[in-house]
Amino acid sequence: MAIPEHFRTNFQTLLRAAADKALALMECNDAATGEPRYVLCAVGRDQGNYVVTPFGHLADGNPYEHYLPPDVPGGSQGRANPVSGSPAALSPSPGTRRKGGRRSP
């Protein structure tokens with residue numbers, strides 16, 4: 001499945017913000033539940049005022065338990081082909097160590 005163009009555009013904006021060192025992690029509240037969320041944002045300026053653009057929130061708990069890796073043609077499940085074009089792991093390969101020294105299944 002292809003990544004929709006508007007997500008690719010947002011990702012490029014996020015990469016530019018990172019290159020410009022204009023990212024912030026902000027504590028916000030979920031609009032529906034009021035629960036705290038930790039949101040990755042790009043920060044800009046407009047006529048002396050800060051402009052904050054939220055991109056997404058960090059996953060609570062272990063993100064490996066929240067997401068399934070994509071099925072990639074060629075049988076390399078767990079690998080993603082990000083917008084940048086370079087290979088990157090969405091989940092660790094079998095036998096690699098996760099944070100805390102645990103081996104992944």
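Please determine whether any residue of the range 52-60 is out of contact with any helix residue (DSSP H, G or I) (no Cβ under 7 Å at 6 or more places or on another chain) and either at pLDDT below 85 or among the aromatic types (Phe, Trp, Tyr) (or both).
No: zero hits.
If you go through the range 41-53, how many residues are touching a strand residue (DSSP E or B) at 6+ places or on another chain (Cβ under 8 Å) and open to solvent by 90 Å² or more (accessible area, probe 1.4 Å)?
Selection size over the range 41-53: 2.
I need the full set of residues from the range 12-40 which are part of a strand (DSSP E or B) and either surrounded by 12 or more Cβ atoms within 10 Å (Cβ to Cβ) or among the basic types (Lys, Arg) (or both), in order please. It would help to see each step written out before you state the result.
We begin by selecting, within the range 12-40, every residue part of a strand (DSSP E or B); these are 23-29, 36-40.
Matches in the range 12-40: 23, 24, 26, 28, 36, 37, 38, 39, 40.
Quick check, is residue 82 in a loop (DSSP other than H, G, I, E, B), at pLDDT below 95 and open to solvent by 100 Å² or more (accessible area, probe 1.4 Å)? Steps first, please.
Numbers: in a loop (DSSP other than H, G, I, E, B): yes; at pLDDT below 95: yes; open to solvent by 100 Å² or more (accessible area, probe 1.4 Å): no.
No: the conditions fail for residue 82.
The values are calculated or read from the model by the stated rules, or taken from the named source; none is laboratory data. Since we're looking at a predicted model, the values are computed, not measured. Note that each Cβ is placed from the backbone with ideal geometry, even for glycine, and that neighbours are counted across all protein chains shown. With ligands, DNA and RNA removed, areas are computed over all heavy atoms of the protein, side chains included. Shrake-Rupley method; radii C 1.70, N 1.55, O 1.52, S 1.80 Å.
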